[in-house]
Amino acid sequence: MKRPTVITVITALTATALVLPATAAEAERTPETDMSVRVTGPAEASPGAMVEYVVTVANEGPEAAPLIVATTMPKGTTKISHDSRPVVDGGIPVDTLNPGESRTLRIAARIGNHKNAPVLPAVFRAGGSDQGQVLFNDTNTSNNAAEVRTKNLKQDSLNGPDARLGITGGITGTGTPGSALTQTVTIGNTGVHRATGVWLRAVVNPASGPITKVTTVEGATGSHGTTGLNYRLPNLDPGKTHVITVTTKAAGTHLGPLGGDYYLGGSNGGDHELVLR
């Protein structure tokens, strides 16, 4: 008869030992979730513009939990708000998300002025802590962050070393003494970057006679005399050209060939020579 009594006592003690600790552990245990973040935003913008990011957070895990969406904006970004309320310390609290539930956050911001950055990145992360308190255990951290890379319209992507200058020319006129001759030179940039520090110098041949007029492009600085010219030309973007015309009063081919010698250079486009005949 003692054997059944012993079994009954052990069973009761075992049940008590299991129930009480389990209740305490349940109160302290953080829920298991799988929080995910997706975001859409502007493909391109100028620094200082107001933009909107649409962030979708979802709980793809088995248990409910709240979360905080942390934001990292381009340097200098201001007026960050969610539902017309300022975003404080870069965090947006989201009330409890049930399994399978999602929320959409619309975040407005005046993005910062990255003058030398080709993109203006914004990152959004699902955070599981609030002032050091863990809100949930995430079973899949690979989908906790999303990024928008916005093209910076004010970033000057044409600055660089790869400009390729070239020069061509031609002469119109008979060369009859006293008649007008026109020497036309075309400067082009076939590179991928802007040509800077562009200059053009020339010496006309004696047969072409004295220079009576030089027509340059807007923004050119320099001067010409009767036998030559020296000009600093504006920067030249890829695929663009500068056209300069030099008008002379022909002295006659008895003094030699018509035309002149043109010298072209730039800070990143090399030096070039055109012998115009």
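When only the Cβ of Lys, Arg, Asp and Glu is charged (+1, +1, -1, -1), the dipole of segment 139-203 relative to its Cα centre reaches about 60 debye.
Look at the dipole of the chain built from charges on Cβ: of 127, 199, 255, the Cα furthest out on the positive end belongs to 255. Note on the chain: Rg/Rh from Cα positions, Kirkwood definition for Rh, rounded to two decimals, is 1.48. Run the Debye formula on the Cα coordinates of segment 195-277, all scatterers equal and no solvent, and tell me log10 I(q)/I(0) at q = 0.20 1/Å. Listed by q, the Debye log ratios stand at -0.88.
Expressed as a rounded percentage, what relative contact order does segment 31-152 have, with Cα pairs under 8 Å and six or more residues apart? 39 percent.
For residue 227, the residues whose amide H sits under 5 Å from its own are 211, ignoring neighbours fewer than 5 places away on the same chain, with H placed 1.01 Å from N. Toward the positive end of the charge dipole of the chain, with +1 on the Cβ of Lys and Arg and -1 on the Cβ of Asp and Glu, the farthest Cα among 177, 49, 189 is that of 177.
Taken along the Cα-to-beta-carbon direction at a fixed 7 Å, the label points for residue 153 and residue 221 span 3.1 nm.
Calculated on the alpha-carbon coordinates, the convex hull of segment 126-277 measures out at 136 cubic angstrom per residue. Of 166, 256, 41, which has the largest mean-square fluctuation in a 10 Å C-alpha GNM of the chain? Fluctuation is largest for 256. Residues 218, 63, arranged from fewest to most other Cβ atoms within 10 angstrom of their Cβ, appear as 218, 63. The value for segment 31-152 of Rg(Cα) / (2.2 N^0.38 Å) is 1.08. Its Cα centre serving as origin, the chain has a Cβ charge dipole (Lys and Arg +1, Asp and Glu -1) of approximately 920 debye. Proximity of backbone amide H atoms, modeled 1.01 Å from N, is registered between residue 258 and no other residue at under 5 Å, excluding neighbours fewer than 5 places apart on the same chain. Measure up 213/240; 79/154; 79/151 against 29 Å on the Cα-Cα distance and list the ones that go over. Violating the 29 Å limit, Cα to Cα: no pairs.
So what is the relative contact order of the chain, in percent, for Cα pairs below 8 Å that sit 6 or more residues apart?
Normalised by residue count, the contact order of the chain is 17 percent.
No value in this document is a laboratory result; all are computed from the given coordinates. Everything numeric here is computed off the predicted structure, so don't read it as measured data. No Cβ is skipped: glycine too gets one built from the backbone with ideal geometry, and neighbour counts run over all protein chains shown.
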